[in-house]
1. From the list 434, 422, 461, 391, exactly one residue is modelled with pLDDT under 95 and under 19 Å from the mean Cα position of the chain (by Cα). Which is it?
2. Quick test of your reading of the structure: residue 140 fulfils all but one of (1) among the basic types (Lys, Arg); (2) over 21 Å from the mean Cα position of the chain (by Cα); (3) surrounded by 23 or more Cβ atoms within 10 Å (Cβ to Cβ). Name the failing condition by number.
3. Please work out if residue 335 is among the β-branched types (Val, Ile, Thr) and closer than 24 Å to residue 140 by Cα.
4. Any idea which of 385, 372 is without any contact (Cβ under 8 Å) to a residue 60 or more places away in the chain, outside any strand (DSSP E or B) and of a type outside the set (A, V, I, L, M, F, W, C)?
5. Report the residue count in segment 367-389 for those that are in contact with an Asp or Glu (Cβ under 7 Å, 6 or more places away or on another chain) and of a type in the set (Asp, Glu).
6. Considering only residues that are touching a helix residue (DSSP H, G or I) at 6+ places or on another chain (Cβ under 6 Å) and part of a helix (DSSP H, G or I), which ones fall in segment 388-398?
7. So, in segment 250-293, exactly how many residues are surrounded by 16 or more Cβ atoms within 10 Å (Cβ to Cβ), in contact with a Phe, Trp or Tyr (Cβ under 9 Å, 6 or more places away or on another chain) and in a loop (DSSP other than H, G, I, E, B)?
8. Against the definition (under 24 Å from the mean Cα position of the chain (by Cα) and at pLDDT 95 or above), how does residue 298 come out, yes or no?
Amino acid sequence: MQPDYPRIDIKIAESIIADPARSPGERLEALSAIARAMGLRLQTGPARRPPARSGESNNHIHTCYSFSPYTPAGAALAARRAGLDVAGSVDHDSYAAAGEMRAACAMLDLGVVTGFELRVSLKAAAHEFPEATARLLTERKLNNPDSAGIIYMTIQGVPASARAEVEAFLEPVRSARYARTERMVERANALLSSFGLPSINFKNDIVDRSKFAEGGTITERHLLAAVSRSMLSAMQPGPALVDWLEAKLGLALSASQRRLLSDPENPFIMYDLLGSLKAGFLDRIFIQPDEECVDVRDAIALARRIGAIAAYAYLGDVAESPTGDKKAEKFEDEVLDELMPALKELGFPAITYMPPRNTKAQLSRLQKLCAQYDFMEISGVDINQPRQSFRCPELLEPEFRHLDDATWAMVAHEALSSIDRRFAFFANDNPFARLPIKERISLYSKAGREIDFADPYSLERITNSLLKEKFL
């Protein structure tokens, strides 16, 4: 008997899926109609044909629960239409998207990896290192354009069973970020007022446009979106706007930014202006996020405790940002040889990076260091604005093919550790803990590709199969 899918007009279904004001249940109900129209999920069990695989995935998608035009269901649908095999959500300081993301990916025959991204402090942990390394960790920017001694990291492959523990860990972070953003609004309003522009109402223009009340986070992008709307209320896209931004605001715009901001028909003008402001204006109103940045060791300990994977997010020196929201600047590359062993000593088991963002030379060097220090490599493309492609064709190139296996290994890790945390990839009591990391990835990636989330017995069969591998 086939599932009883709701009969919803496809255009209406798409509008519901894209609407962050709708409930997750409403979005998933609409998505089921899309899935049926796409011919998905019409069979379950052994008779179902496995989906064709492209070899592309994206483990770094932001949703409306931090800042993004995509709901979790909308992100999963965009990933499916882009031809991806796996989609992963990593909202800033929020895990609220995970349940909807898992359900949406299962409906669309996608593998799924869920998690979150956060800024953490190195300042206390640095005291455990020799003086030269301590200065490296605290006195220079590593992967954070806004702060020294504070880094970005991800915690990914979070078991579904850990939701309550994760949300309790993140709640004070979200609250501190809320309060800091409110203080930054005061600084932004002082600048806007000096230019005769409308001020921002924190509640109406930022909080009410966010998903904070539903477990989401308010970020600097929410604030810059409000600043962008204030500017656009007084100036239409065109040469006059570009001239004002360069002459009055002092922004150094690239040729592509000038072209986009000059286009009166630009449907994404707010996002394009936001990106320009993030690169050249944010530092004028920015307040350092010290209060909301937990100790890096506490974040890594949480990941280990719940059976998730903690990863340092490699940025690398930036020549020109693909999304226009980072100015040219140097980051870890000059100190990477010293940084990688320090990250290993801190307890990071993985490094995550974005192949489209860096040069082949940067990534070749990073990959060699990952192999030297036995780091798992995780890939993804930071999605938070509508111009970005969900695709990552670099994964099809020979030097990045291993990242596809790592992604499928994470799919298996998350699904299996949700049932039994012994199967968490880096668990001390994992039956395969003694296998070299490459062999463990190979084993887990095979399991990940075999999971059928529509079949309630699929995970049980795969678990039994893995245990047989253990005792062969």
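1. On the way: 434 fails: under 19 Å from the mean Cα position of the chain (by Cα); 422 fails: under 19 Å from the mean Cα position of the chain (by Cα); 461 fails: under 19 Å from the mean Cα position of the chain (by Cα).
Matching residue, one of 434, 422, 461, 391: 391.
2. (3) is the only condition that residue 140 fails.
3. Numbers: among the β-branched types (Val, Ile, Thr): yes; closer than 24 Å to residue 140 by Cα: yes.
It is true that residue 335 is among the β-branched types (Val, Ile, Thr) and closer than 24 Å to residue 140 by Cα.
4. Values: 385 fails: without any contact (Cβ under 8 Å) to a residue 60 or more places away in the chain.
One residue alone meets the criteria, 372.
5. 0
6. 394, 395
7. Of the residues in that region, 1 qualify.
8. On the way: under 24 Å from the mean Cα position of the chain (by Cα): yes; at pLDDT 95 or above: yes.
When the stated conditions are applied, residue 298 passes them.
The values are calculated or read from the model by the stated rules, or taken from the named source; none is laboratory data. Source: prediction; values computed, not measured. Glycine gets a Cβ as well: all are built from the backbone with ideal geometry, and neighbour counts include every protein chain shown.
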